[in-house]
Ligand SMILES: [Zn+2]
Ligand SMILES: [Zn+2]
């Protein structure tokens with residue numbers, strides 16, 4: 001195998017510390033595409049990794065899975081893209097052979113992995129991926145916006161699973177990028193009221209621009225349960241989304257809605273063992289479901305991106321060399337960052 005390019009990859013070596021390793025990019029296999037990365041965004045999950053507290057990702061780990069770029073080289077069997085094409089990538093790796101894969105439910109693949117957990121990350125100059133996971137960027141998307149198709153797909157998966165419908169009253173807890181994108185998609189689905197709860201005034205202001213009809217800021221004295229009762233004339237919300245990953249917000253997500261309501265949990269729990277009231281499930285016939293990643297959501301997210309201004313979510317940009325600084329900026333609440341994009 002021939003060496004094609006030199007590559008530098010950013011990784012988290014220990015809590016709050018980043019370094020770069022060098023590794024050549026080899027000629028792609030027949031079904032692979034080598035991507036020259038142009039924009040790479042920091043995900044909420046990267047912050048859990050950077051803090052050393054991601055429940056399922058031990059350190060050191062190469063990070064970065066929200067990205068876009070240009071096709072730099074293709075394998076012999078690749079037909080859908082050519083060198084020079086602008087693309088984004090669905091960063092999951094699936095086996096294609098298990099029962100779930102054969103049924104087309106590759107999101108439930110028994111061997112599902114993500115590029116960054118397999119030692120390949122997008123905080124780098126290049127990444128090699130399977131052709132099947134590559135999506136050309138439509139003309140309306142910049143590289144920066146293209147890097148955000150991945151989080152938009154996460155939000156798309158959650159909103160589709162929750163089947164948010166006309167006029168429904170929705171509560172979203174957490175106004176990070178996922179919470180804001182869930183809000184934007186609920187708006188496109190013509191939800192009636194969309195209330196968003198967060199501690200950051202700047203994030204809530206952004207959420208209003210993306211379609212939140214009401215914002216709740218406990219730091220400014222707002223009370224989530226009171227607001228939910230007001231919006232729903234006492235009955236409770238129809239659906240809720242937990243986009244934080246804490247015991248308290250999980251409980252809020254499952255107690256703020258009406259009987260037979262549905263909570264969708266998306267947050268990553270650094271402390272997964274939480275205490276909840278089991279009788280609530282029975283007495284109120286509530287439903288709580290998880291939502292992880294995506295499965296056939298990328299094409300939908302690409303379509304929805306025509307109506308959602310993804311670039312507006314980007315609050316900071318850094319050159320790749322400043323990865324350490326970028327991650328520290330993300331962790332600093334004074335920065336009120338939403339999306340940070342690195343440019344290799
Ligand atoms: Zn992500
Ligand atoms: Zn599989």
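Of note:
- Taken over the stretch 87-112, the criterion of being under 20 Å from residue 7 (Cβ atoms) and either more than 16 Å from ligand 1 (Cβ to nearest atom) or over 23 Å from the mean Cα position of the chain (by Cα) (or both) is satisfied by 87 alone.
- Single condition residue 285 does not satisfy, out of (1) part of a loop (DSSP other than H, G, I, E, B); (2) over 20 Å from residue 204 (Cα atoms); (3) in contact (Cβ under 8 Å) with a residue 60 or more places away in the chain: (3)
- Residue check for residue 69: assigned to a strand (DSSP E or B), away from ligand 1 (no atom under 16 Å from the Cβ) and in the same structural domain as residue 39 (by TED's automatic domain parsing): yes
To keep it simple, each residue is scored yes or no on (1) within 21 Å of residue 211 (Cβ to Cβ); (2) assigned to a loop (DSSP other than H, G, I, E, B); (3) more than 16 Å from ligand 1 (Cβ to nearest atom).
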site: 121; (1), (2), (3): no, yes, no
site: 127; (1), (2), (3): no, no, no
site: 138; (1), (2), (3): no, yes, yes
site: 154; (1), (2), (3): yes, no, no
site: 190; (1), (2), (3): yes, yes, yes
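- Contacts under 8 angstrom Cβ, first residue in the stretch 22-48 being more than 16 Å from residue 63 (Cα to Cα), partner in a helix (DSSP H, G or I) and within 16 Å of ligand 2 (Cβ to nearest atom), 6 or more apart: 31/132
- Residue 133 within 16 Å of ligand 2 (Cβ to nearest atom), touching a strand residue (DSSP E or B) at 6+ places or on another chain (Cβ under 7 Å) and on the phi < 0 side of the Ramachandran plot: yes
- Scanning the stretch 242-261 for residues that are in a strand (DSSP E or B) and buried (at least 21 other Cβ atoms within 10 Å of the Cβ), we see that the one that is modelled with the highest pLDDT is 242.
The values are calculated or read from the model by the stated rules, or taken from the named source; none is laboratory data. All figures in this text were calculated on a predicted structure; none of them were measured in a lab. Using ideal geometry, Cβ is built from the backbone for each residue, glycine included, and neighbour counts are taken over all protein chains shown.
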